[in-house]
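Below is one structure, written out as structure tokens; the observations come after it.
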Amino acid sequence: MKQFAIFGLGVFGVSLARNLMKEGMEVIAIDSDEKNIETIKNDVTQAAILDCTKEETLEAVDIRNIDCAVVCIGEDMEASIMTALLLKKLEVPKIIARANSEAHRQILSLIGVDEIVSPEADMGLRLARRLSSTHVLHHLDISEEHTIAEIIVGESFVGKTIRDLNLRSRFGVHIVGIKKKVSHVTVRGENVFIEKYVDFPSPDDVIEEEDVLVMVGSERAISDIERYIERKK
């Protein structure tokens, strides 16, 4: 089970924390305002009133064991930047931060934040679904209702054709490509695997182990397919 630390409990932070919990993750919610902590303490794994701009307070919640930290601090750009710097220093594996301006975004990028997001109201739900995914490699929203995602196939998909899977009728998604690992012999006689991309596969194309399906569909449909893969393990 993945562990997340959420810093800053405004609309975005609260939405992200609650939706990560709904996805079955462990969440530590952190804010310097006691009122914000009281609002969410019963909805998360742990809630802590902390000044996240001080290294010793981050150490107190064992931040080094967190899989991913999300800095959702809104108006206080200095606190956001300082928190991100400390998280980098403490070697948190993945750091995501909210940026409220282009200058803020550029500074976070220079610090080495892994991903920078915008503060749209519904971003918490979308980000929670993506972060909790074990089969979704990449995910890009192409409109308010549609997304394109790369999905690692499950065992139940292997050996079946696209027609057999019938994902379009069952889930409302379109498979627009398949990434395959193909054996290749180098000029030195070494056996390696290279990635081959199949554009617009036919209904008779067979899914193989380690294939990655490139799909277009709604956010909910992509989540439904991932849950289906998990159930069929």
Seminar exercise, completed: Within the stretch 77-93, the count of residues that are outside any helix (DSSP H, G or I) and surrounded by fewer than 16 Cβ atoms within 10 Å (Cβ to Cβ) comes to 3
Exercise. So is F4 in contact with a Pro (Cβ under 7 Å, 6 or more places away or on another chain) and not basic (K, R) or not?
Worked result: no
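From D62, D76, D51, grab the single residue that is farther than 18 Å from G112 by Cα, touching a Ser or Thr at 6+ places or on another chain (Cβ under 7 Å) and in the same structural domain as E34 (by TED's automatic domain parsing).
Details: D62 fails: touching a Ser or Thr at 6+ places or on another chain (Cβ under 7 Å); D76 fails: touching a Ser or Thr at 6+ places or on another chain (Cβ under 7 Å).
Matching residue, one of D62, D76, D51: D51.
Any chance the stretch 30-40 includes a residue that's among the small types (G, A, S) and out of contact with any Leu (no Cβ under 7 Å at 6 or more places or on another chain)?
Taking the stretch 30-40 as the starting set, the residues that turn out to be among the small types (G, A, S) are 32.
With out of contact with any Leu (no Cβ under 7 Å at 6 or more places or on another chain) added as a condition, the list becomes none.
Within the stretch 30-40 (the criterion being among the small types (G, A, S) and out of contact with any Leu (no Cβ under 7 Å at 6 or more places or on another chain)), the answer is no, since none of the residues qualifies.
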Seminar exercise, completed: Note on the stretch 11-34: residues at pLDDT 90 or above and surrounded by fewer than 17 Cβ atoms within 10 Å (Cβ to Cβ) are E26, D33, E34
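Which of the residues belonging to the stretch 173-211 are small (G, A, S) and either surrounded by fewer than 10 Cβ atoms within 10 Å (Cβ to Cβ) or not in a strand (DSSP E or B) (or both)? First the steps, then the outcome.
Looking only at the stretch 173-211, we keep the residues that are small (G, A, S), and these are 177, 183, 189, 202.
Within the stretch 173-211, S183, G189, S202 meet the criteria.
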Problem set entry | Filter result (modelled with pLDDT of 90 or more and polar (S, T, N, Q)) within the stretch 162-191 | N166, S169
Exercise. Which is closer than 25 Å to N100 by Cα and of a type in the set (S, T, Y), of T39, T45?
Worked result: T39
Problem set entry | Qualifying residues in the stretch 94-129 (those that are modelled with pLDDT of 90 or more, assigned to a loop (DSSP other than H, G, I, E, B) and more than 13 Å from the chain's Cα centre (by Cα)) - the one nearest to V214 (Cα to Cα) | V113
For this session: Answer with yes or no whether A84 is at pLDDT 85 or above and touching a helix residue (DSSP H, G or I) at 6+ places or on another chain (Cβ under 7 Å).
Result: yes
For this session: For the stretch 130-153, state whether one or more residues are within 26 Å of I6 (Cα to Cα), at pLDDT below 90, assigned to a helix (DSSP H, G or I) and of a type outside the set (S, T, Y).
Result: yes
For this session: Could you list, in sequence order, all residues of the stretch 35-49 that are crowded, with 17+ Cβ neighbours inside 10 Å, in contact with a helix residue (DSSP H, G or I) (Cβ under 7 Å, 6 or more places away or on another chain) and not in a strand (DSSP E or B)?
Result: I40, V44
Seminar exercise, completed: Filtering the stretch 56-70 for residues that are farther than 18 Å from L20 by Cβ and surrounded by 14 or more Cβ atoms within 10 Å (Cβ to Cβ) leaves a count of 2
For this session: Among what's in the stretch 212-232 and is modelled with pLDDT under 85 and aliphatic (A, V, I, L, M), pick the residue that is farthest from G154 (Cα to Cα).
Result: I222
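The values are calculated or read from the model by the stated rules, or taken from the named source; none is laboratory data. Nothing here was measured: the structure is a model prediction, and the numbers come from that model. Reconstructed Cβ throughout: ideal geometry from the backbone, glycine too, with neighbour counts over all protein chains shown.
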